[in-house]
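Novice: Sharing a structure here in structure tokens format.
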Amino acid sequence: MTERLVFREVSVLDGSGAPAFVADVSVVGEHIERVGQVPVGTTELDGRGLHLSPGFVDVHSHDDAAVLELPELEFKLAQGCTSVVVGNCGFGLSPLTGSAEPPGNASLFGPKRRRFSSIGDYLLAIDAARPALNVATLVGHHNLLVSVLGDGERAPTASERLQLKALLARALDDGAVGLSTGLIYRPGRSAKTEEIAELAALCGERGLLYTTHLRSESARLLEAVDEAIAIGRAANCRVQISHHKAAGLRNWGKTEQTHARLAEANAAGVDVAFDVYPYTAGSGPLVEYFDPKQPDLELLDVTRLATCPPFPELEGRMLVDIAREQESDVPTLVARILAGPGGERTLCITFTMGDEDLERNLAHPLSMIGSDGLADLTGKPHPRLFGTFPRVLARYVRERRLLALPEAVRKMTRAPCERFGLAGRGRIEEGMRADLVLFDAERVTDLASYDDPQRRPAGIECVVVNGALAYRSLGPAGAGAVISRAGRALTPAWPA
């Protein structure tokens, strides 16, 4: 007898942005068999009062090591995610050649400090690890630089520029979905615009994406957006601005101007879109945000410790409160933390964004959703790691009514699959890959908070990955269980 998974009388959100319709949906093997009237299933789920949509895609994750070392990935499955894109902000586990120290915070590489000389080797390792969801990867610009230039920050010679292009070309041909930069981080911050455009042109030739953590998300945000557009124009490639924001009180409101620039660019033939997470706080390595010679006191005043290996008792507290208690100033406190054992692995949370900019970004038709979560489960990580996608549905669909439910689902399903070349996914249609999430639109809620960030969301009833039932809810309070690990490495492709 054919194994058939059937959802009965479920409200189908097909990923297109169209209103939901009630139907039965059947899954056989890895594909959606029928939508409408379907045969009897070997497993049948009652969909009455629930919605079925394509699985959510986290277009901006830092799960590079987690997909290998935490392959159950419950913190993502429980949100309804069926695919993640890694290799963001210029970082990643591959390609890394030579003896130079890998760039980025140690949490990106996991406790085993994994690294791979090629994208091809990394994709093979993903398949061998059998993660619970699908994984696509970008090529990190920082990785290219340290592989060719070694440690330090300097301009590449003409010969080295050719080596950078050759390494990137191989990585793209191995199956990466594009190139990513992180232009506030070392060593990529030293790269000139024309050097980046030269590399991004290889993406343009292949129809792949150039994604970028802008050179500034605060005082020089407008100039940074202009640079991203200029790279897309010069390289003839599509551009994805990562975790778009206007950080810092004096910069609030600038997304009105950035959206105008994006509209002008798209009208002129430069394809630019962006992703956003549904929180007004960001997170990242403390060492990257702190310049001991010129400390940004405004930023430090709104910074909280997430993971602090030298002083775990300080996790979850604001720097200003700790400094006051210790009768110290904040820069001195931060210097002491970073100098402590494991201090370079300290992660922080920065409360720098305004609600109006966030909502303007979420509502924009070109925006998609990415968690930007760092998969460090020690301490008190940013709640976006556990709550991003349910938060969109709970706060910005049901409570704020900023987005209609079909449009929110489109932003998390069809839009990212088409943008990143994940062909055959992101829509509920016969013959499509069966990456699916069943949820209660009236009850779905992100339960993770800054003080209790590792709580699973409520209202996600089950998740299907490549036709296999991967996750089931065990009750109303966010409890659930991973049932199978049916994910795989994905490479870019578009419908014929």
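The values are calculated or read from the model by the stated rules, or taken from the named source; none is laboratory data. These figures come from a predicted structure and were not determined experimentally. Here the Cβ positions follow ideal geometry from the backbone for every residue, glycine too, while neighbour counts run over all protein chains shown. For accessibility, only protein heavy atoms count, side chains too; no ligands or nucleic acids. Shrake-Rupley method; radii C 1.70, N 1.55, O 1.52, S 1.80 Å.
Novice: Residues being open to solvent by 10 Å² or more (accessible area, probe 1.4 Å) and in contact with a Lys or Arg (Cβ under 7 Å, 6 or more places away or on another chain): count how many of those fall in the range 330-356.
Specialist: Residues in the range 330-356 being open to solvent by 10 Å² or more (accessible area, probe 1.4 Å) and in contact with a Lys or Arg (Cβ under 7 Å, 6 or more places away or on another chain): 1 in total.
Novice: For the range 137-172, what are the residues that are over 16 Å from I196 (Cβ atoms), free of Cβ contacts under 8 Å to residues at least 24 places away in the same chain and of a type outside the set (A, V, I, L, M)?
Specialist: Answer for the range 137-172, where residues must be over 16 Å from I196 (Cβ atoms), free of Cβ contacts under 8 Å to residues at least 24 places away in the same chain and of a type outside the set (A, V, I, L, M): T157, S159.
Novice: Next up: Under 6 Å between Cβ atoms, at least 6 apart or on separate chains: pull out the pairs that start in the range 240-255 with a residue that is without any contact (Cβ under 8 Å) to a residue 40 or more places away in the chain and farther than 18 Å from M368 by Cβ and end on any residue that is surrounded by 24 or more Cβ atoms within 10 Å (Cβ to Cβ) and among the hydrophobic types (A, V, I, L, M, F, W, C).
Specialist: Sorted first by the residue in the range 240-255, then by its partner, the list stays empty.
Novice: Do any helices (runs of 4 or more DSSP H) lying entirely in the range 93-204 carry at least 3 residues that are among the polar types (S, T, N, Q) and under 22 Å from the mean Cα position of the chain (by Cα), and which ones are they?
Specialist: Working: elements: 119-129, 141-149, 158-174.
Helices (runs of 4 or more DSSP H) meeting the threshold: none at all.
Novice: Given the residues R472, R488, which is the only one that is basic (K, R), surrounded by fewer than 21 Cβ atoms within 10 Å (Cβ to Cβ) and in contact (Cβ under 8 Å) with a residue 24 or more places away in the chain?
Specialist: Working: R472 fails: in contact (Cβ under 8 Å) with a residue 24 or more places away in the chain.
Every option except R488 fails the conditions.
Novice: Where in the range 1-55 are the strands (runs of 3 or more DSSP E), entirely inside, with at least 1 residues that are on the phi > 0 side of the Ramachandran plot and in contact (Cβ under 8 Å) with a residue 24 or more places away in the chain?
Specialist: Working: elements: 4-12, 21-28, 31-36, 43-46, 51-54.
Passing ranges, in order: 4-12.
Novice: crowded, with 24+ Cβ neighbours inside 10 Å, farther than 23 Å from Q240 by Cβ and of a type outside the set (V, I, T), is that true of A132?
Specialist: On the way: crowded, with 24+ Cβ neighbours inside 10 Å: yes; farther than 23 Å from Q240 by Cβ: yes; of a type outside the set (V, I, T): yes.
Yes; evaluated as a whole, the condition is true for this residue.
Novice: With respect to G90, is the statement that it is touching a Gly at 6+ places or on another chain (Cβ under 8 Å) and among the small types (G, A, S) true? Talk me through it step by step, then tell me what you get.
Specialist: On the way: touching a Gly at 6+ places or on another chain (Cβ under 8 Å): yes; among the small types (G, A, S): yes.
Yes.
Novice: Here's something else I'd like to know. Would you be able to tell me the number of residues in the range 279-304 that are in a helix (DSSP H, G or I), free of Cβ contacts under 8 Å to residues at least 60 places away in the same chain and either β-branched (V, I, T) or loosely packed, with under 15 Cβ neighbours inside 10 Å (or both)? It would help to see each step written out before you state the result.
Specialist: To start, the set of residues in the range 279-304 that are in a helix (DSSP H, G or I) comprises 286-289, 297-300.
Filter once more, so that each one left must be free of Cβ contacts under 8 Å to residues at least 60 places away in the same chain: 297-300.
Checking the rest, the ones that are also either β-branched (V, I, T) or loosely packed, with under 15 Cβ neighbours inside 10 Å (or both) come to 297-298.
Qualifying residue count, the range 279-304: 2.
Novice: When you go through (1) in a helix (DSSP H, G or I); (2) of a type in the set (D, E); (3) open to solvent by less than 10 Å² (accessible area, probe 1.4 Å) one by one for D275, which number turns out not to apply?
Specialist: Unmet condition: (1).
Novice: Among what's in the range 17-50 and is within 8 Å of V6 (Cβ to Cβ) and among the hydrophobic types (A, V, I, L, M, F, W, C), pick the residue that is most open to solvent (accessible area, probe 1.4 Å).
Specialist: V40
Novice: Then there is this: Mind checking which residues of the range 386-423 are at negative phi, open to solvent by 10 Å² or more (accessible area, probe 1.4 Å) and either of a type in the set (D, E, K, R) or in contact with an Asp or Glu (Cβ under 8 Å, 6 or more places away or on another chain) (or both)?
Specialist: Within the range 386-423, R391, R395, R398, E399, R400, L402, E407, R410, R414, E418, R419 qualify.
Novice: Now for a separate question. Mind listing whichever residues of the range 216-263 are crowded, with 24+ Cβ neighbours inside 10 Å and among the charged types (D, E, K, R)?
Specialist: Result: E217, K245.
Novice: Which one of A335, A323 is over 22 Å from E256 (Cβ atoms), of a type in the set (G, A, S), out of contact with any Ser or Thr (no Cβ under 7 Å at 6 or more places or on another chain) and free of Cβ contacts under 8 Å to residues at least 12 places away in the same chain?
Specialist: A323
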